[in-house]
Amino acid sequence: MTHTHTDTHADTDADTHAAVTRATHAAVTRAAIDVTTAGLPAWLDPVAQAARSVRPQQLSRFLPPESGAGRQSAVLILFGDGPRGPELLLMERSGTLRSHPGQPSFPGGSLDPEDGDQATTGPLRAALREAEEETGLDPRGVQLFGVLPRLYIPVSSFVVTPVLGWWRAPSPVGVVDPAETARVFTVPVADLTDPANRATAVHPSGHSGPAFLVESALVWGFTAGVIDRILHYAGWERPWDRARQVPLDWRA
């Protein structure tokens, strides 16, 4: 009887937590959501300025289909102040996922109907919601300061809106669901701009693109491409050896 009573309490607690989470998300959906550069640290000004002027073609050759096809999604590109200065929040996807298993990425995912209008505030809410679900991030400590043009990931048919955030009030982060996320980590911008950590990743398909060897991870693909362009248009890029190649595993 005692065991059954304990199980019932556990079930009740889980149900209560789920209800609170749903209520929180509903409240966030109803609340106003702003994109503002007010109060940003000066070092983020170049990123905010680039976001206002950069064109889709300057970020990637893969752009959303004109037909409107594709799975609408958003990622949160979150900058914070770390022990070694400016840093970026990344995560490593679980190796069991169907889409991009094992890859380092920005927090993010598909838009839900409750996120709202996919042409306006929907991607903003989705980026914050997904970041909270995947890393435990408290979205109340994030200031959104820019939105980059929508891009396309052909292999998964995702139409991705990159949302820029400033981690104004940092909160603890970590793996929430091991089935989705293998690791959550931050990377100093200084390491991303260090030429020693840069290379060109070459996929067995023949596709090549920028890569970063940081925090015991190889960041490549969509995530690395966006980081590369941000560094370039923010004026943070340092000359690096583009002839240095890193082959990718055939399963990547």
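A few remarks follow.
- Qualifying residues in the stretch 153-186 (those that are in a strand (DSSP E or B) and more than 17 Å from Leu88 (Cβ to Cβ)) - the one nearest to the chain's Cα centre (by Cα): Thr161
One line per residue, one yes/no per condition, for (1) assigned to a strand (DSSP E or B); (2) surrounded by 13 or more Cβ atoms within 10 Å (Cβ to Cβ); (3) among the β-branched types (Val, Ile, Thr); (4) modelled with pLDDT of 95 or more:
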| site | (1), (2), (3), (4) |
| --- | --- |
| Gly39 | no, no, no, yes |
| Ala48 | no, yes, no, yes |
| Gly109 | yes, yes, no, no |
| Leu128 | no, yes, no, yes |
| Glu132 | no, yes, no, yes |
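- Among the residues of the stretch 38-83, the ones that are touching a Leu at 6+ places or on another chain (Cβ under 8 Å), in contact (Cβ under 8 Å) with a residue 24 or more places away in the chain and among the polar types (S, T, N, Q) come to 3 in all.
- When residues of the stretch 187-217 are limited to those that are part of a loop (DSSP other than H, G, I, E, B) and among the hydroxyl-bearing types (Ser, Thr, Tyr), the one surrounded by the most Cβ atoms within 10 Å (Cβ to Cβ): Ser205
- Hey, Ala224 assigned to a strand (DSSP E or B) and crowded, with 22+ Cβ neighbours inside 10 Å or not: no
The values are calculated or read from the model by the stated rules, or taken from the named source; none is laboratory data. Since the model is a prediction, treat every value here as computed from it, not as a measurement. We place every Cβ from the backbone using ideal geometry, glycine too, and count neighbours over all the protein chains shown.
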